[in-house]
Amino acid sequence: MLRLIDINKYYNPGTVNEMCLFNGFNLNIDEEEFVSVVGSNGSGKTSMLNIICGSIPIDKGRIEINDIDITNMPEYKRQMRIGRVYQNPALGTCPNMTILENMSLADNKGNSFNLGRGTDKKRIELYKELLMKLGLGLEDKMDVTVGTLSGGQRQALALVMATMTPIEFLILDEHTAALDPKTAELIMELTDLIVREKRLTTIMVTHNLRYAVEYGNRLVMMHQGEIVVDKIGKEKEVLKVDDILDRFNEISIECGN
């Protein structure tokens with residue numbers, strides 16, 4: 001379980017540009033939930049992910065994973081529990097290294113790197129098996145530099161790498177936004193497959209309302225640092241894209257847009 005408890009977050013505090021993003025924000029996510037998060041720009045979606053991952057500090061509140069307080073835990077230690085796939089495919093992989101080298105790095109997350117070989121040849125077949133499930137032929141390109149791959153291939157590889165070691169949460173930060181429609185569909189299908197297979201608790205921020213409706217068992221809409229829609233289970237199953245669009249329009253009118 002993930003718990004965000006009474007979270008306060010200010011940007012530029014004490015200046016004329018001070019902005020309160022979260023004021024007493026609360027969110028509970030149960031084990032194996034797949035939560036799709038939508039909202040307009042500036043609603044707090046990505047900031048929430050950064051707070052969970054430890055990329056930005058909070059001013060007040062508590063963050064718990066499985067009843068363990070991680071509020072003051074440094075970002076690199078949280079990465080032992082959390083896998084993250086970014087919007088930019090370049091952020092989840094090392095472009096100047098081969099697929100094999102990238103997967104070896106991911107496989108050794110949290111382990112000490114001593115003056116030994118960085119790649120365990122005994123693990124290569126396992127890496128190939130993981131890549132074979134993607135159906136992209138990457139298992140035959142182990143020695144290819146990742147920077148030469150397409151955006152979709154890199155994002156698929158980043159998804160595999162983020163989930164290679166045991167993690168408690170998978171964070172998807174608009175991970176299809178930089179892809180063409182056909183490739184985005186493929187990555188979403190692969191995402192759903194991996195989440196179900198590994199039974200991962202997942203938070204996916206997306207601007208694609210169809211993906212938010214079709215994938216996962218919970219949908220959260222955020223606006224100005226607050227949750228304005230929270231549908232789970234049966235309530236989420238009957239949601240349609242038009243329902244979400246209608247709520248967006250209501251918010252826009254309320255804000256005078």
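The values are calculated or read from the model by the stated rules, or taken from the named source; none is laboratory data. In this text, all values refer to a predicted model and were calculated from it rather than measured experimentally. As a convention, Cβ positions derive from the backbone with ideal geometry for all residues, glycine included, and neighbour counts pool all protein chains shown. Keep in mind that these areas ignore ligands, DNA and RNA; they rest on the heavy atoms of the full protein, side chains included. Shrake-Rupley method; radii C 1.70, N 1.55, O 1.52, S 1.80 Å.
Read through the list (1) open to solvent by less than 30 Å² (accessible area, probe 1.4 Å); (2) over 14 Å from the mean Cα position of the chain (by Cα), then give the number of the only condition that Val85 fails.
Condition not satisfied by Val85: (2).
What's the number of the condition Glu32 fails, among (1) of a type in the set (Asp, Glu); (2) over 18 Å from Ile167 (Cβ atoms); (3) under 17 Å from the mean Cα position of the chain (by Cα)?
(2) is the only condition that Glu32 fails.
Looking at the range 142-152, which of its residues are more than 23 Å from the chain's Cα centre (by Cα) and either among the β-branched types (Val, Ile, Thr) or surrounded by 18 or more Cβ atoms within 10 Å (Cβ to Cβ) (or both)? Explain how you work it out, then say what you get.
We begin by selecting, within the range 142-152, every residue more than 23 Å from the chain's Cα centre (by Cα); these are 142-145, 148.
Those that are more than 23 Å from the chain's Cα centre (by Cα) and either among the β-branched types (Val, Ile, Thr) or surrounded by 18 or more Cβ atoms within 10 Å (Cβ to Cβ) (or both): Val144, Thr145, Thr148.
Per-residue answers, yes or no, for (1) open to solvent by 30 Å² or more (accessible area, probe 1.4 Å); (2) closer than 13 Å to Leu4 by Cα; (3) in a strand (DSSP E or B):
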site: Ser36; (1), (2), (3): no, no, yes
site: Ser43; (1), (2), (3): no, no, no
site: Ser47; (1), (2), (3): no, yes, no
site: Ile51; (1), (2), (3): no, yes, no
site: Ile56; (1), (2), (3): yes, no, no
site: Glu64; (1), (2), (3): no, yes, yes
site: Met73; (1), (2), (3): yes, no, no
site: Tyr76; (1), (2), (3): yes, no, no
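Identify all residues within the range 12-34 that are open to solvent by 70 Å² or more (accessible area, probe 1.4 Å), in contact with an Asp or Glu (Cβ under 7 Å, 6 or more places away or on another chain) and in a strand (DSSP E or B); write none if there are none.
Passing the criteria: only Asn26.
Among the residues of the range 75-95, is any under 30 Å from Asp246 (Cα atoms), among the β-branched types (Val, Ile, Thr) and out of contact with any Cys (no Cβ under 6 Å at 6 or more places or on another chain)?
yes
Tally up the residues in the range 127-141 that are open to solvent by less than 20 Å² (accessible area, probe 1.4 Å) and modelled with pLDDT of 90 or more, please. Please lay out each step first, then the result.
Of the range 127-141, the ones open to solvent by less than 20 Å² (accessible area, probe 1.4 Å) are 127, 131, 134, 138.
If we keep only those that are modelled with pLDDT of 90 or more as well, we get 127, 131, 138.
Matching residues across the range 127-141 total 3.
Can you go through Ile167, Ile124, Ile171 and tell me which one is modelled with pLDDT of 95 or more and on the phi < 0 side of the Ramachandran plot?
Values: Ile167 fails: modelled with pLDDT of 95 or more; Ile124 fails: modelled with pLDDT of 95 or more.
Sole residue among the options that is modelled with pLDDT of 95 or more and on the phi < 0 side of the Ramachandran plot: Ile171.
Name the residue that is modelled with the highest pLDDT, counting only residues in the range 98-121 that are open to solvent by less than 70 Å² (accessible area, probe 1.4 Å) and part of a loop (DSSP other than H, G, I, E, B).
Asn108
Pro95 is checked against (1) under 27 Å from Ala156 (Cβ atoms); (2) open to solvent by less than 10 Å² (accessible area, probe 1.4 Å); (3) assigned to a loop (DSSP other than H, G, I, E, B) and fails just one. What number does that condition carry?
It is condition (2) that Pro95 fails.
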